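Below is one structure, written out as structure tokens; comments come after it.
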Amino acid sequence: METSPKSLDPRTLAKLGGLQLRARRIVEGYVAGLHRSPHHGFSIEFAEHREYSPGDDLRYLDWKVFARTDKFYLKQFEDETNLVCHVVFDASESMSFQGPQAALSKLDYAKCLAASLSWLVLKQQDAVGLITYDQRVRAELPAGNTATHLHEVIRVLDECVAQAQTATGVVLRQLAQRLRKRSVVVVLSDLLGDTTALLTGLRALHRRQHDVLVLQVMDRAELSFPFDRPTRFEGLEQFRDVVADPRRLRTAYLAEMERHLATVHRGCRECEIDYRLVATDEPLDRVLTSFLSQRRTRVR
């Protein structure tokens, strides 16, 4: 896989020791890849209006509101309102999958993304929290923005082991009830499982006016099904092992995977949720740059 010199390939990441070092390198690549912009990361999500006061920056006047009300109001952004970001991290057993050509498992790749996003949020002096789950919430680190908080985030991620079945939709519905303050919620998961329950959980967060971002982390082998000889497929999340000829399964498997991905993407789009499918062979700094650049374009 070709990458530019500034892109951090997962194979390079796999050779680096420690999640904190990996996250730092990813963030450095992300920052280097940004175009010049007055806003970075998450802090450009529109929050509310406030009345104009003499001396305020006229660039943020909302002329559409002025046309309706004949009064001056400024757009206020989340970077003015102490943004809180919650990273919701799937630690179910299916996240342990690592295809034959992959340098990192889905779990390790997602850990790198979670640590990097947390680093960026803290760098812009906002607060980040971490919630890991499988069938239920396994660990919960309250949102913080202190100098040592990143170490706590990385500690929880380092201790995270993929196990048990997943219930993403159930967990998201519970979080929609518990997260009282409007916040940014980043879901990191392969989203395998009950699609109906998943979308119900995402809609519950959306109804509570949380700003939801979804990164669906998949191994390239799951997306392309490259197997061409009789293979033993290891069962995860309590499914049994299966020996099969993949050539007889490929067409049906790929069609079902395409339907699943399309359903998830469509459900996110309908709720105005930022969504990106991420393959674990993609350079992580490129993933962050493209995803957050797309987000800046949407919310302006």
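The values are calculated or read from the model by the stated rules, or taken from the named source; none is laboratory data. On a predicted model such as this, the values are computed, not experimentally measured, just so you know. Methodologically, a virtual Cβ is constructed for each residue, glycine included, from the backbone with ideal geometry; neighbour enumeration extends over all protein chains shown.
Could you list, in sequence order, all residues of region 81-94 that are over 25 Å from Gly144 (Cβ atoms) and buried (at least 21 other Cβ atoms within 10 Å of the Cβ)?
Residues satisfying the conditions are Ser92, Ser94.
The rows are residues; the columns are (1) surrounded by 12 or more Cβ atoms within 10 Å (Cβ to Cβ); (2) at pLDDT 85 or above; (3) in a helix (DSSP H, G or I).
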site	(1), (2), (3)
Arg229	no, no, no
Phe239	yes, no, no
Arg248	no, no, yes
Ala255	no, yes, yes
Glu258	no, yes, yes
Leu261	yes, yes, yes
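Can you pull out the residues in region 125-173 that are farther than 22 Å from Arg203 by Cβ, assigned to a loop (DSSP other than H, G, I, E, B) and out of contact with any Gly (no Cβ under 9 Å at 6 or more places or on another chain)?
Gln125, Asn145, Thr146, Ala147, Thr148, Glu159, Cys160, Val161, Ala162, Gln163, Ala164
Only one of (1) surrounded by 18 or more Cβ atoms within 10 Å (Cβ to Cβ); (2) assigned to a helix (DSSP H, G or I) fails for Val187. Which number is that?
(2)
For region 64-86, how many residues are in a helix (DSSP H, G or I) and either within 16 Å of Ala143 (Cα to Cα) or modelled with pLDDT under 65 (or both)?
So the count comes out to 3.
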